[in-house]
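The values are calculated or read from the model by the stated rules, or taken from the named source; none is laboratory data. Quantities reported herein were computed from a predicted structural model and do not represent experimental measurements. Neighbour counts are summed over all protein chains in view; Cβ atoms, including those assigned to glycine, are modelled from backbone coordinates with ideal geometry.
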Amino acid sequence: MNDLYQKTIVDHARRPRNFGQLAGANRSAQGVNPLCGDEITVHLSASDRIEAVSFEGAGCAVCLASASLMTLAVSGLSPAEAGRLVQRVRELVAGGDGANLGDLQALQGVSPFPARQKCALLAWRALEAALAGEAAAVSTEL
């Protein structure tokens, strides 16, 4: 369980980066985890690149930390690059290799806990929805 709450996770959960509204956002999407009550909205200012990204909402430490880490990781990426990063994070959270992912590697600690994997991926699912222009809220449940 110690791996789950690494220093990076605790730091980002306590002091989330890019938390709040985003002036000039042209895309947004909400994500909901009905099992634990996490609710995250991701805001983007994006065209051919993600110029700015923020999030708001409430959730557990893993959810908030993952959203905070995501905002730092995707800023400046193209939508295609962000999509590839989302896939790498999915693989990481499922127990895959975290090489070259920097601080995102802290999310690997959730791999033994399927319910926590959903917490870690909620903001990333909302990011995908925002990039795709989806209007409906995304959920961790299929």
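Here are some notes:
- Condition check for R90: touching a strand residue (DSSP E or B) at 6+ places or on another chain (Cβ under 9 Å), of a type in the set (D, E, K, R) and either buried (at least 21 other Cβ atoms within 10 Å of the Cβ) or within 14 Å of W124 (Cβ to Cβ) (or both): no
- Within region 52-73, residues that are hydroxyl-bearing (S, T, Y) have Cβ atoms under 8 Å from residues that are in a helix (DSSP H, G or I) and surrounded by fewer than 23 Cβ atoms within 10 Å (Cβ to Cβ) in these pairs: S68/A13, counting only partners at least 6 apart in sequence or on another chain.
- Just one of the listed residues (A115, A99, A106, A94) is more than 20 Å from S45 (Cβ to Cβ), touching a helix residue (DSSP H, G or I) at 6+ places or on another chain (Cβ under 9 Å) and in contact (Cβ under 8 Å) with a residue 60 or more places away in the chain, and it is A106.
Yes/no per residue for (1) of a type outside the set (S, T, N, Q); (2) closer than 18 Å to A137 by Cα; (3) buried (at least 24 other Cβ atoms within 10 Å of the Cβ):
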site: D11; (1), (2), (3): yes, no, no
site: A25; (1), (2), (3): yes, yes, no
site: Q30; (1), (2), (3): no, yes, no
site: C36; (1), (2), (3): yes, yes, no
site: I40; (1), (2), (3): yes, yes, yes
site: S45; (1), (2), (3): no, no, no
site: E51; (1), (2), (3): yes, no, no
site: G57; (1), (2), (3): yes, yes, no
site: M70; (1), (2), (3): yes, no, yes
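- The set of residues in region 37-58 that are closer than 14 Å to A123 by Cα and at pLDDT below 95 contains only G37.
- Unmet requirement for A115, which otherwise passes all of (1) in contact with a Leu (Cβ under 7 Å, 6 or more places away or on another chain); (2) outside any helix (DSSP H, G or I): (2)
Here's the yes/no breakdown for (1) within 14 Å of E128 (Cα to Cα); (2) under 15 Å from the mean Cα position of the chain (by Cα):
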| site | (1), (2) |
| --- | --- |
| T8 | no, yes |
| Q21 | no, no |
| A29 | yes, yes |
| N33 | no, yes |
| G37 | no, no |
| A58 | no, yes |
| L77 | yes, yes |
| G95 | no, no |
